[in-house]
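The values are calculated or read from the model by the stated rules, or taken from the named source; none is laboratory data. A quick note: this is a predicted structure, and the numbers were derived from the prediction, not measured. Virtual Cβ from ideal backbone geometry, glycine too; neighbours counted across all protein chains shown. Note: accessible area is taken over every heavy atom of the protein model, side chains too, but ligands, DNA and RNA are not part of it. Shrake-Rupley method; radii C 1.70, N 1.55, O 1.52, S 1.80 Å.
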Amino acid sequence: MSVWVRAGLLGSTMYCMHRKRSALAEVTKDVAQLSGVSSDYELKLVQVVFRHGARTPLKPIPHIQQVEWSPTLLEAPEHTQFNYTVTDLEGGPRPPSPFEERYRSHKLKGGTFPGQLTTIGMQQMFSLGVRLRKTYMEEQSFLSPVFNPSEVYVRSTNIVRNLESTRCLLAGLYQQKQEGPVTIVTDEASSEILYPNYQGCHELKHHTSGRMSDANNQPGMKDELKKLQRDLNIDNKEEVDFFLLLDNLLAEQVHGFPFSVKYKSHLQKTEQRALNIVSYMVGPNNREVLKLMVGPFLYILQRNMLAVTRNTPPATPSRKLFLYAAHDVTIIPLLMALGIFDQKWPPYAADLTLELYQHRSSKAWFARLNYNGQEQVVKGCRAGLCPLEDFLNAFSTYAMSPEDYKGLCCLKESGEKGSRTKK
């Protein structure tokens, strides 16, 4: 229970759960034997964190054999259209997007901008929406068949590919049926928490920059990178890294560009090396780095669940669905914090879905997590469907309130600024 107290989210919920502990123990015995979720459990909340669909590379590989990224690769199919508006978190005008400004200051060979959602990416997101529709409308009758803003909350990073990915997901989920436009809320780049914010949190940058350099200097790293440069006909004077190579190779593969067996093996090696670097920087034992990367986001996911557990009639009905458009660099630390990272790079349109259930007779609360449609057993849980207290304890080590996050990022920055500038 002390973990919940530290999270600042105890309230009456823990008291009620304590009163039902004996009933919960009996229910938990049955849960451990469940495959999926039986009708004894009522779905109360769904939260989906997803990566955008396939896109153009963020930066091209510097060689003469660059792929041509034609504007025809970005055409939006009619069935993926869905009306939406974008505001800041308070409902004001959409903030400026420095990332998008940077993308649009360059062009790839073929005429498109870096980091743009492609037709294939749009279809991937539409398909994810169709899968969610099948689960939460057709099979469980949980969501309304027409988009209702009182039922759904939508938040995205302020990057066009994520906004358009959200549009396509909603088009697939609601089959273009909506009661008015969707409002997608987003935040300033300096305070965004849907990705690890190195610019907004200098403490995070300080913790990871040195480890990134150390990771790249691990035995064999430089030699393998040089070999990849030679095999891919990249001038050894050009500066490249495993992440740049992985980004381009994945984009080329999913869009069907000529992709020989030789390059497929290069992709596998590049992915493994990129994962080695990430694990070195932010392994599950590096608690402080994981907290700074996804702690505020985990806090929000936890807060949303606990808000539902406290919502008793005749209180205003809670939203049923929360959608968060994020990135691969968000998914990886989330998986690490939850203890379910599979050592694979999250694919385009990857989704992490959290479900909250209430047992109909005991009124006890349970949670379940799916990754790319597959049930996961979260750290500290005995089965996929897990008592809520155990489920939240699994990542409460990393969850961090906005106040704590700001204090850790800003206080240490000002306190150590002088010593760092001398290095």
- prompt: Which is touching a Pro at 6+ places or on another chain (Cβ under 8 Å) and either at pLDDT 95 or above or more than 30 Å from GLU252 (Cα to Cα) (or both), of THR166, THR118, THR112, THR72?
  reply: THR112
field: Lone unmet requirement of (1) over 17 Å from the mean Cα position of the chain (by Cα); (2) under 20 Å from ASN83 (Cβ atoms); (3) not β-branched (Val, Ile, Thr) for ARG155
entry: (1)
field: Top-ranked residue in the range 400-417 [being open to solvent by less than 40 Å² (accessible area, probe 1.4 Å) and either in a helix (DSSP H, G or I) or within 17 Å of LEU45 (Cβ to Cβ) (or both); ranked as modelled with the highest pLDDT]
entry: TYR405
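Residue by residue, here is whether (1) polar (S, T, N, Q); (2) more than 30 Å from LEU356 (Cα to Cα); (3) over 22 Å from the mean Cα position of the chain (by Cα); (4) open to solvent by 70 Å² or more (accessible area, probe 1.4 Å) holds:
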{"site": "ARG55", "(1), (2), (3), (4)": "no, yes, no, no"}
{"site": "LYS59", "(1), (2), (3), (4)": "no, yes, no, yes"}
{"site": "PRO71", "(1), (2), (3), (4)": "no, yes, yes, yes"}
{"site": "TYR103", "(1), (2), (3), (4)": "no, yes, no, no"}
{"site": "GLY111", "(1), (2), (3), (4)": "no, yes, yes, no"}
message: I'm trying to understand the selection: among the residues of the range 315-358, which are part of a strand (DSSP E or B), farther than 22 Å from THR183 by Cα and charged (D, E, K, R)?
response: GLU355
- request: Determine whether the range 174-187 contains at least one residue that is among the β-branched types (Val, Ile, Thr), under 22 Å from LEU334 (Cβ atoms), in contact with a helix residue (DSSP H, G or I) (Cβ under 7 Å, 6 or more places away or on another chain) and modelled with pLDDT under 90.
  value: no
message: One residue is enough: does the range 141-163 have a residue meeting the conditions touching a strand residue (DSSP E or B) at 6+ places or on another chain (Cβ under 6 Å), in a loop (DSSP other than H, G, I, E, B) and of a type in the set (S, T, N, Q)?
response: yes
task: Quick one: which residue in GLY373, GLY380 is closer than 30 Å to ILE120 by Cα and surrounded by fewer than 20 Cβ atoms within 10 Å (Cβ to Cβ)?
output: GLY373
query: Taking the range 73-87 as the search range and keeping residues that are without any contact (Cβ under 8 Å) to a residue 60 or more places away in the chain and within 10 Å of MET122 (Cβ to Cβ), which one is surrounded by the most Cβ atoms within 10 Å (Cβ to Cβ)?
result: LEU74
field: Criterion: β-branched (Val, Ile, Thr), part of a helix (DSSP H, G or I), crowded, with 16+ Cβ neighbours inside 10 Å and within 16 Å of the chain's Cα centre (by Cα) - qualifying residue of THR135, THR166
entry: THR166
- line: Exception for ARG211 within (1) open to solvent by 60 Å² or more (accessible area, probe 1.4 Å); (2) closer than 18 Å to LEU267 by Cβ; (3) charged (D, E, K, R) falls at (2)
